[in-house]
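We did not get these values from a lab; they are worked out from the coordinates using the rules stated. All of these numbers come straight from a predicted model, not from anything done at the bench. Note: ideal-geometry Cβ built from the backbone for every residue, glycine included; neighbour counts use all protein chains shown.
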Amino acid sequence: MLRKCLFPVAGYGTRFLPATKSMPKEMLPVVNKPLVQYGVEEAIEAGMTNCALVTGRGKRAIADHFDISYELEHQIAGSSKEPLLESIRDVIDQGIFTMVRQREMLGLGHAVLTGEPLIGPEPFGMVLSDDLCLNTGGPSVLAQMARLFDEFGCSIVAVQEVPDEEIHNYGVIAGKQLREGITRVERMVEKPSAAEAPSNLAIIGRYILTPDIFDVIRGTAPGASGEIQITDALQQQANTGGVIAYQFKGRRFDCGSVPGFVEATNHVYETIYRP
C-alpha cells in the first residue's frame with residue numbers, strides 16, 4: 001500500500017524573483033491556496049497521508065503552513081472568516097508531515113536521495129509542486145497512478161504530449177504501448193532537442209517510485225547540468241522493464257513559469273472560486 005509521498009521543495013524559484021527572494025515558490029497562491037497545499041491534498045486523496053518534505057534554507061513558511069497558528073485561529077474564531085481555514089485544517093488533521101533539509105541543490109535525484117530517511121524501504125509517490133494537476137469531477141492524477149501501481153507494481157511516471165518547441169524543457173520517454181495511455185518505458189532522455197527527442201511524451205511532476213530507486217540514484221553519475229537527474233536513475237529501472245508511463249486524465253499547469261502560473265490562477269478562479 002502506498003502510504004508516503006515525497007515533496008522536493010528546496011528549490012530557489014528564480015523564475016519568480018523578486019517575489020521568491022524571501023518567500024518559497026511553493027507558497028505562491030493560486031487564488032487563495034498555496035501551490036504546495038494543492039499537491040498535499042492530491043497526495044492525501046490518493047491515500048498517501050504521510051507527507052515527506054525535502055526543504056532548504058528560507059523554507060520555514062512551508063512548515064508553518066502545515067501547523068496550527070494559535071494566534072490567528074484565536075483572532076478569527078467565531079467570525080465569518082473562520083471557514084476560510086477549513087481546507088488547511090482538514091489537511092493538517094489528515095496528514096502527517098516530516099521534513100529534512102537538502103543542504104545543496106544537486107538535482108532532483110539528489111533531492112529524492114535526501115528524502116530516503118523519511119521514506120524508508122517502501123514504494124512512495126512524489127509530487128513536484130510546480131506542476132498543478134487538476135481533474136475536476138474525477139480522481140486526482142496521483143490517485144489514478146496509485147491504481148496503476150496496484151496493477152503493475154513498478155515505478156510510474158506521468159506524461160503528457162508537449163509541442164516540439166517546448167520539448168527541451170522536459171525528460172522525454174519512448175517505449176512499447178501496452179494499452180491506450182500506458183507505455184512500458186524503454187528509453188528516457190533528459191531535456192533533448194526537438195531533433196533528438198524520442199517522442200513528444202514528456203514527464204511531468206507526478207511519480208510513483210519503488211524503493212530500489214535509492215540504491216540506483218547512489219550509483220548514478222551527474223548528468224545534464226552537472227546534476228543528479230532522476231531521469232537517469234529511472235532509465236536504469238526501465239532497462240529491466242521496471243517503469244510505466246501514464247498519460248493521465250486531467251489538466252496540468254506549469255506553475256514554475258509565470259505564464260503557466262497566471263493561466264492556472266485564471267482557470268481556478270473561473271472554475272472554482274468565481275461568485
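Scanning segment 44-74 for residues that are more than 18 Å from the chain's Cα centre (by Cα) and among the polar types (S, T, N, Q) yields a single hit, SER69.
Given the criteria in a helix (DSSP H, G or I) and of a type outside the set (Lys, Arg), does GLU73 qualify? Yes, satisfied. Residues of segment 205-223 that are among the aliphatic types (A, V, I, L, M) and either buried (at least 21 other Cβ atoms within 10 Å of the Cβ) or touching a Leu at 6+ places or on another chain (Cβ under 8 Å) (or both): ILE208, LEU209, ILE213, VAL216, ILE217. Please verify whether GLY109 is of a type outside the set (D, E, K, R), over 27 Å from HIS267 (Cβ atoms) and either touching an Asp or Glu at 6+ places or on another chain (Cβ under 8 Å) or touching a residue at least 40 places away in the same chain (Cβ under 8 Å) (or both), treating the condition exactly as stated. Here the answer is yes, as GLY109 does meet what is asked. Suppose the filter is out of contact with any helix residue (DSSP H, G or I) (no Cβ under 8 Å at 6 or more places or on another chain) and either crowded, with 17+ Cβ neighbours inside 10 Å or part of a loop (DSSP other than H, G, I, E, B) (or both); does GLY47 pass it? So GLY47 does not fit the description; no. Examine segment 109-118 for a residue that is surrounded by fewer than 17 Cβ atoms within 10 Å (Cβ to Cβ) and under 30 Å from GLY226 (Cβ atoms), and state whether such a residue exists. Yes - at least one qualifying residue is present in segment 109-118. Pairing residues of segment 227-253 that are on the phi > 0 side of the Ramachandran plot with residues that are surrounded by fewer than 18 Cβ atoms within 10 Å (Cβ to Cβ) and β-branched (Val, Ile, Thr), at Cβ distances under 9 Å and at least 6 apart in sequence or on separate chains, gives GLY250/THR136. With the requirement that a residue be under 23 Å from GLY115 (Cβ atoms) and either surrounded by 15 or more Cβ atoms within 10 Å (Cβ to Cβ) or in contact with a Gly (Cβ under 6 Å, 6 or more places away or on another chain) (or both), what does segment 62-87 give you? Selection gives ILE62, HIS65, PHE66.
For segment 127-172, a tally of residues being touching a residue at least 40 places away in the same chain (Cβ under 8 Å) and acidic (Asp, Glu) returns 3.
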